[in-house]
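The values are calculated or read from the model by the stated rules, or taken from the named source; none is laboratory data. For clarity, every value in this text was computed on a predicted model and none was experimentally measured. Here the Cβ positions follow ideal geometry from the backbone for every residue, glycine too, while neighbour counts run over all protein chains shown. Quick note on the areas: whole protein, heavy atoms, side chains included, nothing else; ligands and nucleic acids left out. Shrake-Rupley method; radii C 1.70, N 1.55, O 1.52, S 1.80 Å.
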Amino acid sequence: MIDNTILVALSRQVALRRQMDVIANNLANVETGGFKASDILFEEHMMPVAEATSALPADHDVSFVIDTATLTDYSPGPNQQTGNPLDVAIDGEGWFAIETAAGERYTRNGGFLLDPEGNLVTVNGDKVLGDGGPITFDESDGAISIAPDGTISTEAGDKGRLRVVAFADENALESVGSNLYAADEQPQDAENARVRQGMLEGSNVRPIVEITRMIEVTRAYTSMSSMLQNIDDMRRDAIGVLAVVQ
């Protein structure tokens, strides 16, 4: 019984540790443009019991807690005015398509830059895709203007249109780090999406909620540690009593 109690408590501590990692990551990205908060999905896991119908006491089911999945909140963050002509926010559903060394990826972070070759890139140097591929500028282009439909124009003419895509099920997206997501399904053009130049979508993390959750997780973890210590003390006392009896 004591062994089962220890294993159940340890399973809870492991799950709490995982939850704390997710909360810490959310808080670390409060200021990250377009960041989407995550949470953990917990489930009960029933330990298979041995067959011992003649034994007393009879077998009992033992429940463990396991974290089965990480859920992402894809609700949009607040749009913030920056005045930077290369900052772009998406109104409504949609994702910017990005070309990376690992293949096409997607992000809501529209804080773009120009690299030394004149390519429109993310802060990590990955190329931003337009309808015709990567978007490139040269010194003769002058001021850059981005229309609500994503069309990019300069004093030298049009440069294409930002490729903004949508997914039938955003829950199928997989976070691959650097605020980028991968998808197995082929995205569709986000026809109703509108972009806003000179603005950035902020993180959808709610700091007060995350701090509250962190306090709750810390208390629960401490409680489990205290229970484990009590069980260890009980075992030590039991061994001491048995030693005296013998």
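Residue pairs whose Cβ atoms lie under 6 Å apart, separated by 6 or more positions or on different chains, with the first residue in the range 186-200 and closer than 7 Å to D87 by Cβ and the second part of a strand (DSSP E or B) and open to solvent by 100 Å² or more (accessible area, probe 1.4 Å), are M199/Q81. With respect to the conditions (1) surrounded by 13 or more Cβ atoms within 10 Å (Cβ to Cβ); (2) within 30 Å of A37 (Cβ to Cβ), D184 lacks only one, and its number is (1).
One residue stands out in the range 6-35 among those that are among the polar types (S, T, N, Q) and modelled with pLDDT of 90 or more: the one that is farthest from E210 (Cα to Cα), namely T32. Here the condition is being open to solvent by 50 Å² or more (accessible area, probe 1.4 Å), within 18 Å of A28 (Cα to Cα) and not in a helix (DSSP H, G or I); of V205, V176, V209, it holds for V176 alone. Checked against (1) at pLDDT 85 or above; (2) over 25 Å from A24 (Cα atoms), I231 meets all criteria but (1).
The number of residues in the range 163-173 being loosely packed, with under 11 Cβ neighbours inside 10 Å and aliphatic (A, V, I, L, M) comes to 1. Which one of these does R163 not meet: (1) charged (D, E, K, R); (2) in contact with an Asp or Glu (Cβ under 9 Å, 6 or more places away or on another chain); (3) without any contact (Cβ under 8 Å) to a residue 24 or more places away in the chain? Failed condition: (3). Pairing residues of the range 3-22 that are within 21 Å of I231 (Cα to Cα) with residues that are open to solvent by less than 30 Å² (accessible area, probe 1.4 Å) and at pLDDT below 80, at Cβ distances under 8 Å and at least 6 apart in sequence or on separate chains, gives N4/V62; T5/I231; I6/I231; L7/V62; V8/V62; A9/I231.
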